[in-house]
1. Within the stretch 60-82, can you find the residues that are in contact with a strand residue (DSSP E or B) (Cβ under 9 Å, 6 or more places away or on another chain), at pLDDT below 90 and over 17 Å from ALA109 (Cα atoms)?
2. Could you pull out the residue among CYS242, CYS254 that is of a type outside the set (A, V, I, L, M), outside the structural domain of VAL351 (by TED's automatic domain parsing), outside any loop (DSSP other than H, G, I, E, B) and under 23 Å from GLN168 (Cα atoms)?
3. So VAL315 fits all but one of (1) over 18 Å from LEU221 (Cα atoms); (2) touching a Phe, Trp or Tyr at 6+ places or on another chain (Cβ under 8 Å); (3) among the hydrophobic types (A, V, I, L, M, F, W, C); (4) buried (at least 19 other Cβ atoms within 10 Å of the Cβ); what number is the exception?
4. Considering ARG342, ARG330, ARG409, which residue is surrounded by fewer than 23 Cβ atoms within 10 Å (Cβ to Cβ), out of contact with any Lys or Arg (no Cβ under 7 Å at 6 or more places or on another chain), basic (Lys, Arg) and modelled with pLDDT of 90 or more?
5. Among strands (runs of 3 or more DSSP E) lying entirely in the stretch 301-354, which contain 1 or more residues that are closer than 14 Å to THR397 by Cα and in the same structural domain as ASP373 (by TED's automatic domain parsing)?
6. Return yes when ASN271 is surrounded by fewer than 16 Cβ atoms within 10 Å (Cβ to Cβ), at pLDDT below 95 and assigned by TED's automatic domain parsing to the domain that holds ASP337 and no when it is not.
7. I need a count of the residues in the stretch 392-422 that are in contact (Cβ under 8 Å) with a residue 60 or more places away in the chain, closer than 15 Å to ILE172 by Cβ and among the polar types (S, T, N, Q).
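The values are calculated or read from the model by the stated rules, or taken from the named source; none is laboratory data. Since the model is a prediction, treat every value here as computed from it, not as a measurement. FYI the Cβ positions are ideal-geometry reconstructions off the backbone, even for glycines, and counts take in every protein chain you see.
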Amino acid sequence: MKKIRRWAIYNLDIDNSDIQIASRTLWWPAASLLALLLLLAPVLRAADWALPESQLAQNIITVTGPGAVALDITNRSSLSQTDVDAISREVRARLEALGLRFVNPDQAAATVKISLSEDLQNYVWVAEIHQGAAESSVVMVSTARSGAPVLNQETSRVVVHKALLWSQPQQILDVAVMDGNPTDMAVLDANQVSLYRLQGGRWQVLQALPISHVHPWPRDLRGRLVLSKDHLFDVYLPGVFCRSTANLPLALDCTESDDPWPVGAGPVSLNAFFTPSRNYFTGALALGKQTAAPPFYSAAPLPRDNYTLWVFAAVDGSLHLLDGMTDQERLPGWGSDIASVRGPCGTNSTVLAASGGEGTGETLRAYDVPDRDPMPVSPALEFHGPITALWTETNGTMAIAISRNPETRDYEAFRLSLTCGQ
């Protein structure tokens, strides 16, 4: 009643009984709502992060198996410390439930470094896994950011199109299309280069050229087909280089080689050394005053007026932007496969980047890099299965994407082209 008397000093007379009744009437629902929100807070948090926490734990245990690991979790996103702490606790709990034990690095059979990062659309969590002398493995999951900008067909500046070229049970490493009249196509797999000709709307086989090699291929095989001016094409494989003849019927000469592979396309390219026993590039290169990049899976050049900005998808899941003088690191949440094509709308070259989608599928999107920060400029292009290879075509205007269809188990090669959006 003291509070009501103080009000009476400064205000007109107020019916105290009405205030008391109103206060009780409003206080109980407010208190009940607050109590309900406090009770539901863990549930709401679990609904936000439970799925990516579970997916990341499952992906990590698939690589490491049960055992002793050293775990480090770093936040490189805009998540609050409260969320980071809760996510860290839950990921650790899920990994323990799957059979992992957390120990110091000197006692661990493997080290797992998790980075909580983000791009404009998603939170992206990347786990880099080291096990003894084996090659590093990178797994990642993503979940949509609330309030992230949504790109659709009507508002996008660029639209990425895919056209199925070829499918087969054997792993496809790369495809090269020789446009003309007639149009020919070369398909590279682990054993041969198959040459086809487009006749009556269908590809008809012309020739199969076996690839000779002395050493067994690494487990995760990669390869590159590059068209040439004085002969038909060159083939780059781990520890092997092949050169074709110029005219049909073709011959293919393969030799052991540790020569660098061309990265990029046409005049905007560089040579980078590939690790014969692994599935990535060492990072040794010549780029202005820089002679090295971090070990990387793929790279994309973006020509500027006075220099070329190179984008490297590093093996640790990070992105490095090198211009010959500086190295800037980003964590956009992309996958390991990137490529660049010349922009279709009068702009600079555009980066095509793959990233994990829902379930077993994957998505690909076009990005501009105007001020060193990648900006999505196209809707996401869906693939039924994971993208296993992404290479810029020799002419630089299109790209080849290889994906494995989880239903048919076949590898599918797509030609990617860009058009201007709205």
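1. Passing the criteria: THR74, ASN75, ARG76, SER77, SER78, LEU79.
2. Numbers: CYS254 fails: under 23 Å from GLN168 (Cα atoms).
Result of the check over CYS242, CYS254: CYS242.
3. (1) is the only condition that VAL315 fails.
4. When all the criteria are applied, what remains is ARG409.
5. Values: elements: 308-314, 319-322, 327-330, 338-341.
In the stretch 301-354, the matching strands (runs of 3 or more DSSP E) lie at 338-341.
6. Values: surrounded by fewer than 16 Cβ atoms within 10 Å (Cβ to Cβ): yes; at pLDDT below 95: yes; assigned by TED's automatic domain parsing to the domain that holds ASP337: yes.
Spelling it out, ASN271 is indeed surrounded by fewer than 16 Cβ atoms within 10 Å (Cβ to Cβ), at pLDDT below 95 and assigned by TED's automatic domain parsing to the domain that holds ASP337.
7. Result for the stretch 392-422: 2.
One line per residue, one yes/no per condition, for (1) closer than 29 Å to SER277 by Cβ; (2) among the small types (Gly, Ala, Ser); (3) within 26 Å of the chain's Cα centre (by Cα):
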site	(1), (2), (3)
MET178	no, no, no
ALA186	yes, yes, no
TYR196	no, no, no
ALA208	yes, yes, no
HIS213	yes, no, no
SER228	yes, yes, no
